[in-house]
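Have a look at the structure below, then the notes.
The values are calculated or read from the model by the stated rules, or taken from the named source; none is laboratory data. What you see is a predicted model; the values in this text were computed from it and never measured. Cβ coordinates were reconstructed from backbone atoms using ideal geometry, including for glycine residues, and neighbour counts include every protein chain displayed. Keep in mind that these areas ignore ligands, DNA and RNA; they rest on the heavy atoms of the full protein, side chains included. Shrake-Rupley method; radii C 1.70, N 1.55, O 1.52, S 1.80 Å.
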Amino acid sequence: MGKKLKVAWVTFACCEDSSILFLELMNDHFFEWKDKLDFKVCRILQKFHKLEDIDVAFIEGAIATKEDDHKVKQIRKASKKVVAIGACACTGMPSAQRNVFDDATKQEIVEVINRFGHLPKVQPLKEVIKVDYEVPGCPMDEKIFLQVLQACLKEFGIE
Ligand code: SF4
């Protein structure tokens, strides 16, 4: 069996539309990707996951909670490259809408923020960890995603 790119596909605070788009892309690319991609972590495809020795982690969504913060740092440690997927991961928005609430509205959600371990602000990935590539768009721009994936396959000597 040839060398494969070891990938993780992970989501944080988001609507997971880019994950759906990624699944849709498999309609066109499944037979090509099955020989090139080794999914180490991908909740939408499989239960099994092993967060170690990842070549590229694709991360959708923003960082909203203390648990997110801890987990995304673990993913960064286990991955050689990180790709931010979609506007929420790249810029925080629209998942970060509570950051711009007026003071009265912020006051109304204080209890929820404290109770569920939310961070004071929702953050884009690059404010928490080093990001190597970004795929903008809401949901992600498919063309840019395919270009980034191609660049990663080349970089890791898969093709
Ligand atoms: S960028 Fe858009 S599509 Fe992606 S998670 Fe955020 S809201 Fe959903």
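The table that follows gives values for the structure above.
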item: Relative contact order (percent, whole number), the chain, Cα cutoff 8 Å, 6+ residue spacing; result: 26 percent
item: Where only C-alpha atoms are counted, convex hull volume of the chain per residue in Å³; result: 107 Å³
item: Cross-link pairs beyond the 30 Å C-alpha cut-off, checked among Lys40/Lys66; Lys106/Lys143; Lys3/Lys66; result: Lys106/Lys143; Lys3/Lys66
item: Segment 32-48-segment 110-159 distance, computed between alpha-carbon centres (Å); result: 18 Å
item: Difference of contour (0.36 nm per residue) and Cα-Cα distance, Phe48 to Asp69; result: 5.3 nm
item: Share of carbon and sulfur in the accessible heavy-atom surface of segment 5-155 [1.4 Å probe, %]; result: 53 percent
item: For Cys138, residues with placed amide H under 5 Å, excluding near neighbours; result: Ala87
item: Hypothetical label at Glu159: residues of segment 16-57 whose amide nitrogen lies under 15 Å (7 Å Cα-Cβ projection); result: 26-38
item: DSSP-loop trypsin sites (Lys or Arg not before Pro) across segment 115-159, with at most 13 other Cβ within 10 angstrom; result: Lys130
item: Among beta bridges that DSSP assigns inside the chain, antiparallel share in %, nearest 5; result: 15 percent
item: Mean Cβ neighbour count within 10 Å, used as a protection proxy, ranking 17-24, 65-72 highest first; result: 17-24, 65-72
item: Whole-number D in µm² s⁻¹ for segment 74-159, Kirkwood Cα-pair radius fed into Stokes-Einstein, 4 °C, 1.567 mPa s; result: 87 µm²/s
item: Dmax and Rg, reported as Rg then Dmax, of segment 10-94 (C-alpha, Å); result: 13.0, 38
item: Hz values of 3J(HN,Hα) by residue in segment 51-60 - Karplus curve (6.51, -1.76, 1.60), Gly and Pro given as x; result: 8, 7, 6, 9, 6, 10, 9, 9, 10, 9
item: Degrees between helix 17-33 axis and first principal axis of the chain (Cα, 0 to 90, nearest 10); result: 0 degrees
item: Additional length obtainable on full extension of the chain from Leu146 to Ala104, 0.36 nm per residue less Cα span; result: 10.8 nm
item: Per residue value of the accessible surface for segment 29-101 (all protein chains in place, 1.4 Å probe), Å²; result: 52 Å²
